[in-house]
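First comes the structure, then the notes that go with it.
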Amino acid sequence: MYISEVSGHHRATLAIEKALRAISPHLGIGNINAFKYTNPISEKVINRLYLGIIKRTPQIWDYLYDNPEVMQNIQKLKETIHKFNTPKLHRLFARFRPNVVCCTQAYPCGMVADYKKTYNSSLPLVAVLTDYAPHSYWVYDMVDYYIVPSDDVAVRLAQKGVSWDKIKPLGIPFDRDFNVPVDARAVYRKLGLDVSKPVILIMGGGQGLGPINKIVKQLEKVPVDFQELIVTGTNKRLYKSLVRRARRCRKKIHLFKYVNTINEFMSIASLIITKPGGITTAEALSKGLPMIIMQPIPGQEVNNTVFLTAHGAALKIEDIAQIPRIISDLLLNPLTLSHISQAAVRISKPLASDDIARLLLGLIHA
């Protein structure tokens, strides 16, 4: 279970499902948008509200994120929503009869936890955290296992009162295809790229968030020659504006909407400029791809940034005007890029999806 179609939470469930099917092809798997299932009208409103806050007033999200005072104030509301949704879950589970439930977002996790309490159910419930920040909205007594990205997160989750024997630092799940070697020259040919020039990948998650237009403008000032792969996701306005900008750029730009070939793009890129969403981060780490982070979303992405920079796997640019100097320095110093790449590989967990799938299968057969 996840929330929001275009999200890392959904990509995580798809990655786990793919791993499960690879190991046990005949499983029955329901991959469900829990918010859409229980509150289809509210889902659209809240998704738009969230995006509006992130784009226009991110300081509000910074205040709301993992704030104990806010949590206390909304406790009654949360209990009311769960009480309203529990009968819907009961009908779903009675029809599907799951052996285990796996949630990649805290909302469905809390809903299923309260369902278990209401019906005195022993249904195994697994929480999969997709960021390096174990916020308190995840913490419920009825969760059987917590899958966390790293040992650091395991410690922080234990400090929130979760028993150590429930915590498994298996990593963030991502598509297992990222572990399959890619024919780089074939990708260069397919995309019409010059094999002799570095490639910079620019992304803003599935919804194309972040100052991508400003980044492209600053990259024009870099004296070193390179090629750009820009993925705008579902952001139609960004795509249209970049189509116009690309015509005026000296650097060669290849522009894409929402794609399923990020694996190939990351395999040939020298570095990526991105917002540090959990799934994008896990994918880039698995490829040993140096990350340049700009304007992370307060809360989860700021925590992801702290984790990555502390381990030397990413650089954060505070001022967009620094882009020309930093990118130029990196491209002219392959040893520096290599050190960042090695740091990324050291903290990557490439087998996360398969390991999570095996844990879930173990619960089914227990």
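Leaving out ligands and nucleic acids, note down the accessible area per residue over the chain with a 1.4 angstrom probe, in whole Å².
Normalised by residue count, the accessible surface of the chain is 48 Å².
Computed from the mean reciprocal separation of all distinct C-alpha pairs, what Kirkwood hydrodynamic radius does segment 245-360 have, in Å?
15.4
With a ≥ b ≥ c the root eigenvalues of the C-alpha gyration tensor of segment 169-208, is it rounded (a/c under 1.5), prolate (a/b larger than b/c) or oblate?
Verdict is oblate for segment 169-208.
Which ³J(HN,Hα) values, rounded to whole Hz and listed in residue order, are derived for segment 287-303 from phi using the Karplus coefficients 6.51, -1.76 and 1.60 in 6.51 cos²θ - 1.76 cosθ + 1.60 with θ = phi - 60°, glycine and proline given as x?
Once rounded to whole Hz, the list reads 8, x, 8, x, 10, 10, 10, 10, 6, x, 5, x, x, 4, 6, 5, 5.
Mind telling me which of Lys18, Lys190, Lys240 comes out most flexible in a GNM of the chain, alpha-carbon contacts under 10 Å?
Lys190
Among all cysteines in the chain, which have no other cysteine Cβ under 4.7 Å from their own Cβ?
Cys102, Cys249
If one computes P(r) from the Cα atoms of segment 261-306, what percent of pairs lie at distances over 12 Å?
Here the tail beyond 12 Å accounts for 58 percent of pairs.
So, with a 1.4 angstrom probe, what is the percent of accessible area on segment 183-223 that is carbon and sulfur?
That share works out to 52 percent.
How big is D, in µm² s⁻¹, for segment 96-171 by Stokes-Einstein at 25 °C and 0.890 mPa s if Rh is the Kirkwood radius over C-alpha pairs?
The diffusion coefficient I find is 199 µm²/s.
Counting helices only, and only those DSSP H runs with n ≥ 4, report the 222 nm mean residue ellipticity of the chain as the sum of -39,500 (n - 2.57) divided by its residues, in deg cm²/dmol to the nearest 500.
Roughly -15500 deg cm²/dmol at 222 nm, from the helical runs in the chain.
Taking only Cα atoms, what is the 0 to 90° angle, nearest 10, from helix 323-332's long axis to the longest principal axis of the chain?
Helix 323-332 and the main axis of the chain meet at about 80 degrees.
With only alpha-carbon atoms in the gyration tensor, what are the semi-axes of the equivalent ellipsoid for segment 174-261, in Å, largest first?
Working from the Cα gyration tensor, I get semi-axes of 22, 18, 11 Å.
Put +1 on the Cβ of every Lys and Arg and -1 on every Asp and Glu Cβ in the chain; which of Ser136, Asn303, Leu271 then has its Cα farthest towards the positive end of the dipole?
Leu271
Considering only protein heavy atoms and a probe of 1.4 Å, how much of the accessible area of segment 260-351 is carbon and sulfur, as a whole percent?
Of the solvent-accessible surface of segment 260-351, carbon and sulfur hold 53 percent.
Calculate, in nm to one decimal, what Arg185 and Ser136 gain on full extension: separation in residues at 0.36 nm each, minus their alpha carbon distance.
So the chain would gain 13.1 nm between Arg185 and Ser136.
Let me know the shape class of the chain, please: from the alpha-carbon gyration tensor, a ≥ b ≥ c as square roots of the eigenvalues, rounded when a/c is under 1.5, otherwise prolate if a/b is greater than b/c, or oblate. It would help to have the intermediate numbers written out before the result.
On the way: a/c = 1.90, a/b = 1.67, b/c = 1.14.
Because a/c hits 1.5 or more and a/b exceeds b/c, the chain counts as prolate.
Using the crude model of +1 on Lys and Arg Cβ and -1 on Asp and Glu Cβ, and no other charge, please compute the dipole size for the chain relative to its Cα centre, in debye to 20.
1480
The values are calculated or read from the model by the stated rules, or taken from the named source; none is laboratory data. Model, not experiment: these values are computed from the prediction. All Cβ positions, glycine included, derive from the backbone under ideal geometry; neighbour counts span all protein chains shown. When the accessible area is computed, the model is the full protein with side chains, heavy atoms only, and any ligands, DNA or RNA have been set aside. Shrake-Rupley method; radii C 1.70, N 1.55, O 1.52, S 1.80 Å.
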